Amino acid sequence: MIRSLPRSKTYDWSFNLFILVYFLFLFAPLVVTCVLAFNNSDFPSLPWQGFSLDWFFSTGPERIGLFHDEQNLRSIVTSFETAFFVSILSVIVGTCASFLFEKEDFRFKGVLYLLMLAPLVIPGVILGISLLLAANSAGTYFDETFGLDFDLFRPSFWLVVLGQFSFITTFVTLVVSARLRKFDISLEEAALNLGATHFGVIWHITLKFLRPAIVGAGAVAFLMSFENFNTSLFLVGSEPTLPINLYLQVRDGSTPVINAVSLLLIVGTSILALVNLYFTKRED
């Protein structure tokens, strides 16, 4: 509805009710999950049995809290390590790709741009299966032909990193390219005319202009990698990431420690998003 047109009270009431119901539907499951992390029950569900911190700090033997659960802590560390390497690789390659795609005289820009966007339309399950089959085929070829055995071609930590990197880089490229289109090329030309080197221009002018987009894209890449499930499920080895570990626990039956993990994830991602928003506004 056009804002300048008069609106009835019924419309305003209906619109506000819709917004309220929408946010209740969106956040109610998260609130329930966070509350159940403090439930004094052996099951991660209602009814409420009283307040307890056992699922965070209990040392056992009947209950093992999150901070004493080696399996969950190890999977959290694995997810952090995976997200760190994926975000670093994605930011480096995605930033370089954005420079390439913004060049007007680049000959194969259209074809490569379509190939870059392909992972966005391919389901994560199909992408994971394809990467697994490709890695297995490459490993078998090197083993049978040259007698070489590479751990990279087996389901492992680095195969998960490469699998997530293959599609998360696309998001980084799109974010950085959108910022690069707003860059005034005359600033680079002026710096070159004043005697600056090409590397100095990129480092001190272009990348400084792109810094908010790079930081934001890096944060998005980190979060996407940390919570990725579909692709990682087919590539993970003996070190499962946190989403895979949570899935296995839910499938086999878990305790409210899974709610404690969810609470920490919600708080952690919210803090990261707020920090990223703060620095982005500060840069702008």
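The values are calculated or read from the model by the stated rules, or taken from the named source; none is laboratory data. Just so it is clear, the model here is predicted, and its values are computed rather than measured. Positions of Cβ are backbone-derived with ideal geometry, glycine not excepted, and every protein chain shown enters the neighbour counts.
Of note:
- Only one of the numbered conditions (1) in a helix (DSSP H, G or I); (2) surrounded by 13 or more Cβ atoms within 10 Å (Cβ to Cβ); (3) not β-branched (Val, Ile, Thr) is violated by PHE106, and that is (1).
- Number of the condition not met by LEU115 [criteria: (1) out of contact with any helix residue (DSSP H, G or I) (no Cβ under 7 Å at 6 or more places or on another chain); (2) exposed (fewer than 13 other Cβ atoms within 10 Å of the Cβ); (3) farther than 21 Å from THR231 by Cα; (4) modelled with pLDDT under 90]: (3)
So that you can scan it fast, the table gives a plain yes or no per residue for (1) within 16 Å of VAL261 (Cβ to Cβ); (2) not in a helix (DSSP H, G or I):
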| position | (1), (2) |
| --- | --- |
| THR10 | no, no |
| VAL35 | yes, no |
| PRO47 | no, yes |
| TRP55 | yes, no |
| GLN71 | yes, no |
| SER75 | yes, no |
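- Only residues that are touching a Pro at 6+ places or on another chain (Cβ under 8 Å) and among the small types (Gly, Ala, Ser) were counted in the range 79-134, giving 1.
- Residue in the range 232-244 that is under 30 Å from LEU46 (Cβ atoms), among the polar types (S, T, N, Q), in contact with a Phe, Trp or Tyr (Cβ under 9 Å, 6 or more places away or on another chain) and touching a residue at least 40 places away in the same chain (Cβ under 8 Å) present: yes
- Of the residues making up the range 127-167, those that are in contact with a Phe, Trp or Tyr (Cβ under 8 Å, 6 or more places away or on another chain), closer than 19 Å to LEU242 by Cα and among the aliphatic types (A, V, I, L, M) number 2.
- Which numbered condition ILE185 misses (of (1) modelled with pLDDT under 90; (2) within 18 Å of GLN164 (Cβ to Cβ); (3) aliphatic (A, V, I, L, M)): (2)
- Residues of the range 219-240 classified as part of a helix (DSSP H, G or I) and surrounded by 22 or more Cβ atoms within 10 Å (Cβ to Cβ), total: 7
- Matching option when the condition is part of a helix (DSSP H, G or I), among the charged types (D, E, K, R) and surrounded by 14 or more Cβ atoms within 10 Å (Cβ to Cβ), among GLU144, GLU188: GLU188
- Matching residues, the range 249-284, being of a type in the set (A, V, I, L, M, F, W, C) and surrounded by fewer than 13 Cβ atoms within 10 Å (Cβ to Cβ): VAL250, VAL267, ILE271, LEU274, VAL275, LEU277
- Yes/no for ALA219 being touching a helix residue (DSSP H, G or I) at 6+ places or on another chain (Cβ under 6 Å) and touching a residue at least 12 places away in the same chain (Cβ under 8 Å): yes
- Single match in GLY124, GLY163 (criterion: at pLDDT below 90 and surrounded by 15 or more Cβ atoms within 10 Å (Cβ to Cβ)): GLY124
- Residues that are surrounded by 10 or more Cβ atoms within 10 Å (Cβ to Cβ) and hydroxyl-bearing (Ser, Thr, Tyr) were ranked within the range 1-55; the one that is modelled with the highest pLDDT is TYR22.
- Subset of the range 263-284 [closer than 15 Å to LEU223 by Cβ and either in a loop (DSSP other than H, G, I, E, B) or at pLDDT 80 or above (or both)]: LEU264, LEU265, ILE266, VAL267, GLY268, THR269, SER270, ILE271, LEU274
- Of LEU89, LEU66, all but one fail to be within 29 Å of GLY218 (Cα to Cα), modelled with pLDDT of 95 or more and either basic (Lys, Arg) or crowded, with 18+ Cβ neighbours inside 10 Å (or both); the exception is LEU89.
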